[in-house]
Amino acid sequence: MQRNILMAAILGAHGLKGEVKVKTFTAEPQKLGAYGPLHDKSGRPFTVKGLKPGKGDEAVVTFAEIGDRDAAEAAKGIELFVTRAALPETAEEEFYHADLLGLDVDDNQGRRIGKVLSIQNYGAGDLLVIAGDSGDEIWLAFTRENVPEIDIANRRIIVAVPEEVEARPAHDME
């Protein structure tokens with residue numbers, strides 16, 4: 001089964017000719033169309049005809065499939081994906097965040113912790129969110145110190161859980 005990778009979300013219409021403002025999840029917003037046609041959750045294609053970088057991670061995009069302002073307004077909220085296979089291969093010790101989702105998580109003592117649920121960033125750096133086997137969520141700063149080993153081939157991550165995280169239940173950290 002091909003895994004979909006979220007590349008952008010349509011924020012709304014821009015102008016009168018069918019352009020839309022999008023939030024991109026690519027390293028460089030102008031590369032949004034570099035991986036071939038995008039598609040929504042249902043598989044409907046979206047082909048980038050034109051793109052103008054905006055502020056930060058935003059861009060103004062002309063899609064072949066959106067021809068006027070009404071269609072652009074109707075597209076608000078659509079998430080746009082590519083298949084994982086469309087992305088370039090990574091170098092050694094590089095990975096896409098999407099490659100980590102669902103990986104088993106063990107601590108550096110060999111104890112099973114859970115599985116990677118997501119990676120979040122609220123402005124102060126990436127946070128690894130682990131669905132703990134005990135039913136709790138563990139949030140861990142995604143640093144080399146806290147995550148010393150990532151083994152995508154064996155679908156496993158080793159974490160060095162700081163003492164203060166081990167000592168407190170996850171609900172105390174919220």
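For the stretch 1-99, which whole percent of the accessible surface, found with a 1.4 angstrom probe, sits on carbon and sulfur atoms?
Details: 3000 of 5840 Å².
Carbon plus sulfur share of accessible area: 51 percent.
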How much FRET efficiency would the formula 1/(1 + (r/R0)^6) give for Asp133 and Asn154, where r is the Cβ-Cβ distance and R0 is 30 Å, rounded to 0.05?
-> 0.95
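Which value, in nm² and rounded to one decimal, describes the direction-averaged projected area of the C-alpha convex hull of the stretch 5-62? Each step should come with its number before you reach the end.
Values: hull surface 15.4 nm².
Answer in nm², one decimal: 3.9.
Give me the extension gain from Glu65 to Arg111: residue separation times 0.36 nm, minus the current Cα-Cα distance, reported in nm with one decimal.
Values: separation 46, 0.36 × 46 = 16.56 nm, distance 5.01 nm.
Extending this stretch completely gives an extra 11.5 nm.
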Could you please report the charge total around Asp70, scoring K, R as +1 and D, E as -1 over all other residues with beta-carbon less than 14 angstrom from its beta-carbon?
-> -1
Which aspartates and glutamates does Lys52 reach when only Cα atoms under 16 Å apart count, and residues fewer than 8 places away in its own chain are ignored?
-> Glu19, Glu28
Please give the solvent-accessible surface of Asp70 in Å², to the nearest 10, using a probe radius of 1.4 Å with every protein chain present.
-> 110 Å²
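DSSP loop (so not H, G, I, E, B), at most 15 other Cβ within 10 Å: list which GluC sites (Glu not before Pro) in the stretch 1-77 pass both filters.
Glu65
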Expected vector for the stretch 77-94, Karplus 3J(HN,Hα) from phi with 6.51, -1.76, 1.60 and θ = phi - 60°, integer Hz, x for Gly and Pro, equals x, 5, 8, 10, 10, 10, 6, 4, 5, 6, 7, x, 5, 9, 7, 4, 6, 10
Within the stretch 1-88, trypsin sites (Lys or Arg not before Pro) in DSSP loop having at most 11 other beta-carbon neighbours inside 10 Å | Lys41, Lys55
Can you give the calculated 222 nm mean residue ellipticity of the chain, where each DSSP H run of n ≥ 4 adds -39,500 (n - 2.57) and the sum is split over every residue, rounded to the nearest 500 deg cm²/dmol?
-> -1500 deg cm²/dmol
Qualifying aspartates and glutamates (Cα of each under 19 Å from Cα of Lys21; at least 8 residues distant if same chain) = Asp40, Asp57, Glu58, Glu65, Asp68, Asp70, Glu73, Glu79
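Under 1.5 on a/c is rounded, so check that first for the stretch 19-174, then, if it is not, pick prolate when a/b is larger than b/c and oblate when it is not; a ≥ b ≥ c are the square roots of the alpha carbon gyration tensor eigenvalues.
Working: a/c = 2.61, a/b = 2.14, b/c = 1.22.
It is prolate, given that a/c is not under 1.5 and a/b is the larger ratio.
The values are calculated or read from the model by the stated rules, or taken from the named source; none is laboratory data. Note that the structure is a prediction, hence the values are computed from the model and not measured. Neighbour counts run over all protein chains shown; Cβ positions are idealised from the backbone, glycine included. When the accessible area is computed, the model is the full protein with side chains, heavy atoms only, and any ligands, DNA or RNA have been set aside. Shrake-Rupley method; radii C 1.70, N 1.55, O 1.52, S 1.80 Å.
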